[in-house]
Amino acid sequence: MNNYKFCFIICYNDDLFLSESSAYINALHIPDGFSAEILSVENATSMAAGYQYAMTHSDAKYKIYLHQDVFIINPDFLSDLLNIFRSDSSIGMIGLVGSIKLPDSGIMWDGDRVGSCRQNFIIKESIDSSPSTTSPYVEVEAIDGLLMATCHDIPWRDDLFKGWDFYDISQSQEFRLAGYKIAVPCPDTPWVIHDDAIFNLSHYDKWKEIYIKEYRGA
């Protein structure tokens, strides 16, 4: 394990998105003594499977799993991540949008959320705001998969989640079951742009039911 290395992991099916996301990553400031790499997985069979493959093929301590349409606009993103991880050794994962208390449905969007992200939709643009607090982060129960940064390797549940939904909520629970905290930063301005599109929710309920059975004991 290389304790002074970052790895950005992107599952992609669009070369243009990958190129743009990579351009933003390559413009980031890298902390002194650290290195960074980008590991892209093309046409993964599922998000969890793609991330599991990449996780086992990088020796970086700090792995940043992000959607192909996420563009990091905070030039000090890596230093800011390090500061949070180093502030509390029990923090195992950091996300940008999360749920302090995940609703019983397992759907983050059914309850209140914290975080900061600039969302670009086809019909509108929105900015999620951070909570009013003097703390640099808020501890949450689960984070959204748009960006998930880790400092420990915990297997992704590709045995259960074979699609594109609930892999993030599952991984959040896996980290908590392993005894780690999950944090969402509270920046003054968003750290990323999420150039999102129309959601494909054709199998969403299927993965929700699997999540509830595995983690809620239903």
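In table form, for the structure just shown:
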{"read-out": "Criterion: open to solvent by 50 Å² or more (accessible area, probe 1.4 Å), more than 16 Å from the chain's Cα centre (by Cα) and under 24 Å from Phe161 (Cα atoms) - qualifying residue of Asn43, Asn3", "value": "Asn43"}
{"read-out": "Top-ranked residue of the stretch 143-158 - restricted to ones that are closer than 19 Å to Gln68 by Cβ and of a type outside the set (D, E, K, R), ranked as farthest from the chain's Cα centre (by Cα)", "value": "Trp156"}
{"read-out": "Selection within the stretch 8-21 - in a helix (DSSP H, G or I) and more than 15 Å from the chain's Cα centre (by Cα)", "value": "Asp15, Leu16, Phe17, Leu18, Ser19, Glu20"}
{"read-out": "Which numbered condition Ser58 fails, given (1) open to solvent by 20 Å² or more (accessible area, probe 1.4 Å); (2) polar (S, T, N, Q); (3) assigned to a loop (DSSP other than H, G, I, E, B)", "value": "(1)"}
{"read-out": "Tally of residues being small (Gly, Ala, Ser) and open to solvent by 10 Å² or more (accessible area, probe 1.4 Å) across the stretch 84-100", "value": "3"}
{"read-out": "Any hit, the stretch 191-208, residues being assigned to a helix (DSSP H, G or I) and either at pLDDT 95 or above or buried (at least 20 other Cβ atoms within 10 Å of the Cβ) (or both)", "value": "yes"}
{"read-out": "Counted residues, the stretch 29-40 - those being surrounded by 15 or more Cβ atoms within 10 Å (Cβ to Cβ) and either among the hydrophobic types (A, V, I, L, M, F, W, C) or modelled with pLDDT under 95 (or both)", "value": "4"}
{"read-out": "Candidates Tyr4, Tyr53, Tyr24 - the one that is part of a strand (DSSP E or B) and either touching a residue at least 60 places away in the same chain (Cβ under 8 Å) or of a type in the set (Phe, Trp, Tyr) (or both)", "value": "Tyr4"}
{"read-out": "Selection count, the stretch 66-118, where residues are in a strand (DSSP E or B) and either polar (S, T, N, Q) or within 23 Å of His152 (Cβ to Cβ) (or both)", "value": "13"}
{"read-out": "Test: residue in the stretch 124-135 that is open to solvent by 20 Å² or more (accessible area, probe 1.4 Å), modelled with pLDDT of 80 or more and not in a strand (DSSP E or B)", "value": "yes"}
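Yes or no, residue by residue, for (1) without any contact (Cβ under 8 Å) to a residue 40 or more places away in the chain; (2) not β-branched (Val, Ile, Thr):
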position	(1), (2)
Pro136	no, yes
Asp158	no, yes
Tyr167	no, yes
Glu174	yes, yes
Cys186	no, yes
His194	no, yes
His203	no, yes
Ile212	no, no
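The values are calculated or read from the model by the stated rules, or taken from the named source; none is laboratory data. The model shown is predicted, which means the values in this text are computed figures rather than measured ones. So basically every Cβ, Gly included, is an ideal-geometry build from the backbone, and we count neighbours across all protein chains shown. Note: areas computed on protein heavy atoms with side chains; ligands, DNA, RNA excluded. Shrake-Rupley method; radii C 1.70, N 1.55, O 1.52, S 1.80 Å.
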